[in-house]
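The structure appears right after this line, and notes come after that.
The values are calculated or read from the model by the stated rules, or taken from the named source; none is laboratory data. All figures in this text were calculated on a predicted structure; none of them were measured in a lab. Note that each Cβ is placed from the backbone with ideal geometry, even for glycine, and that neighbours are counted across all protein chains shown. Surface accessibility is based on the protein's heavy atoms, side chains included, excluding ligands, DNA and RNA. Shrake-Rupley method; radii C 1.70, N 1.55, O 1.52, S 1.80 Å.
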Amino acid sequence: MTESLQDFWRELLDVSAAHCSELAAGASERVEACADSLDISLLPVSGWLDLFRFCIGLGLFQSAATLRDKALLRMIQDASSPGASLSELTMACYASLELGESHRAAEWLGKMESSGCSAQRFSQARWFSALMSGANEGGVDGLAWGSSLADPGFGNLIRGRRIAVVGPVALEMESGPDIDGYDVVVKFGYRGGERGRDPRFQGKRVDVSYYNNTQAETLAGADFSPVFSELRWGVCHNRKGCSFFRPAPDNLRQLTSLQWFLPDTHLNAGPNALLDLLRFRPSAIHVFNTDLMLSSGRFAGYREKGNEETDYTRSFIKTHDPVLQYRIMHRLWSNGFIKGDARFEYVMALGLEGYLAELQKAYGAVNRALF
């Protein structure tokens, strides 16, 4: 290792292994300063992402974000070399979009096409690029690249409609009547019965429900027919989720994933659903009861009643990159594609730095030793 990388590593270990009642003043700031000083050429993309996840696991969220930006810059550096692969060009295209460099992303997109990117993936990346740059009007149609035969039927429900997307956070705002007034109400993991249908806070209606693999497997293991008879559509995140249902209901579809375009991670349920819905050009999307995991450790909406507290930091490390989730949601919000209730608007107005500070309060190292 270079001297600068060794200095960073020592500082990180000194802070994270401190046996004391609380962190020393400025300890996390020193780690961040060391991280910021590192040259992007020191590590490959995978190395920067590993350090990013390691810092997330230690509870140093801002230092983690600094390391993650090194990964994005390294993606662009790698793609700038002669003979860059399609995979490297794809990573550079995404990195440029996340960093707000839409013109540069368009250049990478052109190189992806000339390097053999499939027509469907190219169309999907072009659509996402337009969305992230705020220009998703005119000739860019999300229907052009879908892989689900159910897309036209689902699109007929969504196109031109006002959509309420309702998350699981147990907020104290009585939004139920407002939610029920939307043309289409979207929720997550609905399994029948009254859960998720509180008329005061969540609204009684469920028109569309999105399912991750765990939720799909749980629902498919019981009699799921009554649930799908209540829904207009159920949507799984991938083929595995759909495969649990035998026989598959007529109103079950699979969204077309963007995972191939993302830097070694997955989208959370909320961004996944929003991007899927935006393909079909709703007139408006309003987000309720969602704060991007800031309160999931303190409220019961994210877990079964009576279950042990979930360690969401593990989820951040393994698959669900909180910086990526926030930046995509924030871009959709700032470009006017989505709005939300007071809690959601507050989280969006924080900006990434403010959001990470709040996330660290909920899960990270704040005035305490890490081990």
Residues (in contact with a helix residue (DSSP H, G or I) (Cβ under 8 Å, 6 or more places away or on another chain), free of Cβ contacts under 8 Å to residues at least 40 places away in the same chain and either open to solvent by 10 Å² or more (accessible area, probe 1.4 Å) or over 16 Å from Arg232 (Cβ atoms) (or both)) located in the stretch 203-214: Lys204, Arg205, Val206, Asn213
Just one of (1) closer than 18 Å to Ile328 by Cβ; (2) hydroxyl-bearing (Ser, Thr, Tyr); (3) touching a residue at least 60 places away in the same chain (Cβ under 8 Å) trips up Ser129, so point out which. (3)
Of (1) touching a residue at least 12 places away in the same chain (Cβ under 8 Å); (2) more than 21 Å from Gly146 (Cβ to Cβ); (3) surrounded by 15 or more Cβ atoms within 10 Å (Cβ to Cβ), Met173 satisfies all except one. Which? (3)
Mind counting the residues in the stretch 198-240 that are within 16 Å of Asp276 (Cα to Cα) and not basic (Lys, Arg)? 12
Conditions (1) closer than 27 Å to Val185 by Cβ; (2) touching a helix residue (DSSP H, G or I) at 6+ places or on another chain (Cβ under 7 Å); (3) modelled with pLDDT of 95 or more; number of the one not met by Leu352: (1)
Residue among Leu67, Leu23, Leu89, Leu72 that is assigned to a loop (DSSP other than H, G, I, E, B), crowded, with 19+ Cβ neighbours inside 10 Å and in contact (Cβ under 8 Å) with a residue 24 or more places away in the chain: Leu23
Looking at this structure, is Pro168 in a loop (DSSP other than H, G, I, E, B) and within 22 Å of the chain's Cα centre (by Cα)? yes
What is the residue count in the stretch 188-222 for residues that are of a type in the set (Asp, Glu) and at pLDDT 95 or above? 2
Among the residues of the stretch 26-45, which ones are open to solvent by 70 Å² or more (accessible area, probe 1.4 Å) and among the polar types (S, T, N, Q)? Ser37
When the stretch 1-20 is checked residue by residue, the ones that are assigned to a helix (DSSP H, G or I) and of a type in the set (Ser, Thr, Tyr) are Ser4, Ser16
Would you be able to say whether some residue in the stretch 185-197 is farther than 30 Å from Ala84 by Cβ, open to solvent by 40 Å² or more (accessible area, probe 1.4 Å) and in contact (Cβ under 8 Å) with a residue 12 or more places away in the chain? yes
Is it fair to say Leu149 is in a loop (DSSP other than H, G, I, E, B) and open to solvent by 50 Å² or more (accessible area, probe 1.4 Å)? yes
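Looking at the stretch 313-333, which of the residues that are open to solvent by 20 Å² or more (accessible area, probe 1.4 Å) and modelled with pLDDT of 95 or more is nearest to Val31 (Cα to Cα)?
Going through the qualifying residues, I end up with Arg327.
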Could you count how many residues in the stretch 3-20 are free of Cβ contacts under 8 Å to residues at least 60 places away in the same chain and loosely packed, with under 12 Cβ neighbours inside 10 Å? 3
